[in-house]
Amino acid sequence: MTNTNETKPKTASQPREVIDEPNNREVVKEEKKAERKAKRQAHKEKYAVRRIFPIWLRIIVIVLLSILALIIGLIVGYSVLGNGEPLDVLKFEFWQHVLDIIQGVE
């Protein structure tokens, strides 16, 4: 004798709940979309990025460090390789002389 109130496990031959109506599909789709959006928003709030060192400041620092590295390279190159006075490379007259040599004036 079997109890009719017992639930039988679903088998492959039993049909699943089918959502054929376009309105039901759209409703389910919108619900899933809203859930994903809420989950994304919660994730953004949980892992919000607060930059201590803003991007525009990073760019300025990199430009300044690059200029500093160029100046140090000019000083070291002129004083060690060129056997010149280290700070002469920073004078306008030095660069005017270099341009004159390049242009063929001297």
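Just a yes or no: is a residue in region 52-71 modelled with pLDDT of 75 or more, within 36 Å of the chain's Cα centre (by Cα), of a type in the set (Lys, Arg) and surrounded by 10 or more Cβ atoms within 10 Å (Cβ to Cβ)? Lay out the reasoning, then the answer.
Start the filter on region 52-71 by keeping residues that are modelled with pLDDT of 75 or more, which leaves 52-71.
Add one more test, that the residue is within 36 Å of the chain's Cα centre (by Cα), and what stays is 52-71.
Cutting the leftovers down to of a type in the set (Lys, Arg) gives us 58.
Okay, now just the ones that are also surrounded by 10 or more Cβ atoms within 10 Å (Cβ to Cβ), so 58.
Yes; the residues of region 52-71 include at least one that is modelled with pLDDT of 75 or more, within 36 Å of the chain's Cα centre (by Cα), of a type in the set (Lys, Arg) and surrounded by 10 or more Cβ atoms within 10 Å (Cβ to Cβ).
Among the residues of region 8-18, is any of a type in the set (Gly, Ala, Ser) and at pLDDT 85 or above?
Pass one, region 8-18, residues of a type in the set (Gly, Ala, Ser): 12-13.
Filter once more, so that each one left must be at pLDDT 85 or above: none.
For region 8-18, residues of a type in the set (Gly, Ala, Ser) and at pLDDT 85 or above: absent.
The values are calculated or read from the model by the stated rules, or taken from the named source; none is laboratory data. Computed from a prediction, not measured in an experiment: that's the story for all the values here. Heads up, the Cβs are rebuilt from the backbone with ideal geometry, glycines too, and the neighbour counts pull from every protein chain shown.
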